[in-house]
1. What is the Cα convex hull volume of segment B:1-112 when expressed per residue in Å³?
2. From the backbone phi of segment A:13-23, what are the Karplus-calculated ³J(HN,Hα) couplings (6.51 cos²θ - 1.76 cosθ + 1.60, θ = phi - 60°) in whole Hz, Gly and Pro given as x?
3. Which value, in debye to the nearest 20, gives the size of the charge dipole of segment B:6-67 about its Cα centre, when Lys and Arg are +1 and Asp and Glu are -1 at the Cβ?
4. To one decimal in nm, how far is B:Arg199 from the same spot in the other copies, if labels go 7 Å from Cα toward Cβ? Please give the shortest first.
5. Placing a label point 7 Å from Cα toward Cβ, how far apart in nm is A:Pro65 from its equivalents in the other copies, listed shortest first to one decimal?
6. In µm²/s, what is D for segment B:80-129 at 4 °C and 1.567 mPa s, where D = kT/(6 pi eta Rh) by Stokes-Einstein and Rh is the Kirkwood radius from Cα pairs?
7. Label-to-label distances across copies for A:Gly35, with labels 7 Å out along Cα→Cβ, in nm, shortest first?
8. Residue by residue through B:54-67, how many Cβ atoms from other chains fall within 10 Å of the Cβ on average?
Protein chains: 2
Amino acid sequence: MLEGMSLSVGQVSRLAGVTVRTLHHYDEIGLLCPGERTAAGYRRYTDDDLVRLQQVLLYRELGFPLEEIAVILDDPQVDEVTQLRRQHELLSRKSERLREVIAAVERAIEARSLGIALTPRERLEVFGRFRPEDHEAEVERRWGGTDAYAESRRRVASYTKGDWVELKAEAEAIGAELAAAFTGGLPAGGVRAMDLAERHRLHICRWFYTCTYDIHRCLGELYVSDPRFTAAYDEVTPGLAGYVREAIAANADRHSP
Amino acid sequence: MLEGMSLSVGQVSRLAGVTVRTLHHYDEIGLLCPGERTAAGYRRYTDDDLVRLQQVLLYRELGFPLEEIAVILDDPQVDEVTQLRRQHELLSRKSERLREVIAAVERAIEARSLGIALTPRERLEVFGRFRPEDHEAEVERRWGGTDAYAESRRRVASYTKGDWVELKAEAEAIGAELAAAFTGGLPAGGVRAMDLAERHRLHICRWFYTCTYDIHRCLGELYVSDPRFTAAYDEVTPGLAGYVREAIAANADRHSP
DNA sequence: CATGAACCCTCACGTGGCGTGAGAGGCAAG
DNA sequence: CTTGCCTCTCACGCCACGTGAGGGTTCATG
């Protein structure tokens, strides 16, 4: 039985509270393939496999689709502690939401036993809480239906507060350097500006979606045509939006003539 | 638009945070059929429908299959406040479990950042917690595979602590009256004993599964053949188990000769 | 009053995450 | 050697919707 070294499907299933079929399924789709197999083809789960299974189950409980879980766990950029922190953050959010729902139910009971019924609308609104900040609605109208947008949605959904902090810091750093280049009088078509544009593109690739040079060019146009984006740049330094657009175009030309 | 009176699918979907298709689906399977329809066949949801939708969404979030939700909500025995209390209890349990998981993740982070890794087994066990009290294992071996058993499992799963209190009180009352009849010298085949046996059967129907007279007869046999059940009855009054068996058999004969 | 945009309807097929056998082989104990 | 409990690989089934297709409705415009 090789007790202690590795476990059979049955043992793992009992330990984790899932069925054998589930483990087979995770193997089939490549989400959790046991490290070893016996000569007879029996699955043998190592300690590493168990750790991964725990991660899988946690993200599953959080409602992530299995395919996405695979992406999250296979990201080589993220180590285990980061993974745990992310889980902790997501769990906390879920817990908070659950407490809101509980509170709403308590209010409903209270109101009901006092004879006053809440309006059905009030009761339903607890569930309808996603608050996409109507900014998203705008984005959807403009970019909705594109692959890039879908990809972005999926990835953003799994970001924790910590991720957002890092993301924002990175974005602000790039913005500041662009502003410096602009006020320093460096040409938008120069190497420095183009390098910054490239960093901007990579930043998008890293955090949101695969940003090709063509897409990046469109983004540049958007920065001067959409008053919301223009404001975001020009607020820092008037005229910056147009400068950024030029730099992006130059950088795109440089890479794909 | 008749604003204020009733809502269209789109309005309800936005309010509740579900898709239109979901509402269509709930209508198809008869889980939530809108109270009215316009001349053109448009669905119109009344306030009562919204209340029901809220209940549906809550039980759904708790992981109940839709079919079961219909059963729970259509039970005429249960009013709205009871429904809310039940939801509150189930939500609280879920919240507690969530906090356990969070605590486990915190421990994992702590241990990890101190360089000491927890064993994968320890981490997995948080998920494998269902503790069916090995009593269930026994029951399964004896009754497993029967329809009655499956039905019982499903219904019991949705009982709250309050339900259990009521259930137990009812069962104890019947037991006490049977004991009184027994010690009072009333014959097991008499009307009084048979009536009590009938109450016992209805009690099972009400709380666990559809208990036919045949099944009830088997149950009576079980009370004398299974030492665990025998003990439960004879502990109160020695000889009671046999008396109950006789009463059940007599009652069954009376109804299905 | 017609024209368009935003809704709504009913099929009907597709999908994700497994459940549930069927049929066959592996392996430790008696 | 056989009995009992694993395990394996197909392969079909199910639930709770997603996702169009194809077509009617309603309402604010030109």
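The values are calculated or read from the model by the stated rules, or taken from the named source; none is laboratory data. Here the structure is a predicted model, which is why all the values come from computation and not from measurement. So basically every Cβ, Gly included, is an ideal-geometry build from the backbone, and we count neighbours across all protein chains shown. These area figures cover heavy atoms from the full protein model, side chains too; ligands, DNA and RNA do not enter into them. Shrake-Rupley method; radii C 1.70, N 1.55, O 1.52, S 1.80 Å.
1. Convex hull volume per residue, Cα atoms: 138 Å³.
2. Ordered by residue, 3J(HN,Hα) equals 4, 5, 5, 9, x, 10, 7, 4, 4, 4, 5 Hz.
3. Dipole about the Cα centre, nearest 20: 220 debye.
4. Nearest first, the other copies' label points are 8.3 nm away.
5. Label point to label point, same position, other copies: 2.4 nm.
6. The diffusion coefficient I find is 103 µm²/s.
7. 6.2
8. Mean shielding count: 2.
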